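Chemist: Quick one: the structure is below, questions incoming.
The values are calculated or read from the model by the stated rules, or taken from the named source; none is laboratory data. Being a predicted model, the structure only gives us computed values, none of them experimental. Reconstructed Cβ throughout: ideal geometry from the backbone, glycine too, with neighbour counts over all protein chains shown.
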Amino acid sequence: MDVTPMVPADRPLIRAYGDGGFTIQGTRWEGPILLLPDKALPWSVTSMDAFDLDSVQPILDYEPLPEFLLIGCGSAMVQIAPKLRADIRARGLVVDVMDTGAACRTWNVVLGEGRNAAAVLIPV
């Protein structure tokens, strides 16, 4: 039985993750990535210590604004500061923080559902 979500070919489906990067639609990305419903971009944040409001500005500028933001923290989940979470929420994004593996799996389900979401992922 095939359990791969049905996702349009132009969507950035994560096929694999690990060894410091991600495979998205057949392309290997090294390092952290930022995902929008229709594209993947390199992301400059290599640890949750460097995560701040400026680092998600491309998501805040995206039209239409995504419903929520998945944050993949690396090998273990790390909570973000309550003020930062509130600042992101004040700009219209709901935040969901998890380890990167869980964020990758959740991202693929979200794409399969056709939802407007974004993700930032630190590699494992």
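Chemist: From the residues in the range 59-109 that are in a loop (DSSP other than H, G, I, E, B) and touching a Ser or Thr at 6+ places or on another chain (Cβ under 8 Å), which one is surrounded by the most Cβ atoms within 10 Å (Cβ to Cβ)? Full working, then the answer.
Modeler: From the range 59-109, those in a loop (DSSP other than H, G, I, E, B) are 62-67, 73-81, 91-93, 99; that's our starting set.
Among the residues that remain, those that are also touching a Ser or Thr at 6+ places or on another chain (Cβ under 8 Å) are: 73-75, 99.
On the way: C73: 22, G74: 18, S75: 12, D99: 17.
For the range 59-109, the residue satisfying everything is C73.
Chemist: Among the numbered conditions (1) of a type in the set (S, T, Y); (2) in contact with a helix residue (DSSP H, G or I) (Cβ under 9 Å, 6 or more places away or on another chain); (3) assigned to a strand (DSSP E or B), tell me where T23 comes up short.
Modeler: With respect to (1) of a type in the set (S, T, Y); (2) in contact with a helix residue (DSSP H, G or I) (Cβ under 9 Å, 6 or more places away or on another chain); (3) assigned to a strand (DSSP E or B), T23 is out only on (2).
Chemist: Looking at this structure, is Y62 among the hydroxyl-bearing types (S, T, Y), in contact with a helix residue (DSSP H, G or I) (Cβ under 8 Å, 6 or more places away or on another chain) and either modelled with pLDDT of 95 or more or on the phi < 0 side of the Ramachandran plot (or both)?
Modeler: no
Chemist: Check P42, P32 and return the single one that is closer than 25 Å to L84 by Cα, exposed (fewer than 11 other Cβ atoms within 10 Å of the Cβ) and modelled with pLDDT of 95 or more.
Modeler: Values: P32 fails: exposed (fewer than 11 other Cβ atoms within 10 Å of the Cβ).
Being closer than 25 Å to L84 by Cα, exposed (fewer than 11 other Cβ atoms within 10 Å of the Cβ) and modelled with pLDDT of 95 or more holds for just one of P42, P32, which is P42.
Chemist: V120: within 18 Å of Y17 (Cβ to Cβ), in contact (Cβ under 8 Å) with a residue 60 or more places away in the chain and surrounded by 20 or more Cβ atoms within 10 Å (Cβ to Cβ), yes or no? Spell out how you get there, then give the answer.
Modeler: Details: within 18 Å of Y17 (Cβ to Cβ): yes; in contact (Cβ under 8 Å) with a residue 60 or more places away in the chain: yes; surrounded by 20 or more Cβ atoms within 10 Å (Cβ to Cβ): yes.
Judged against the criteria, V120 is a match.
Chemist: Still on this structure: What are the pairs with Cβ atoms under 8 angstrom where one residue, in the range 38-55, is over 21 Å from V94 (Cβ atoms) and touching a residue at least 24 places away in the same chain (Cβ under 8 Å) and the other, located anywhere, is small (G, A, S) and not in a strand (DSSP E or B)? Sequence gap at least six, or different chains.
Modeler: If the second residue must be small (G, A, S) and not in a strand (DSSP E or B), the pairs left are T46/G31; S47/G74.
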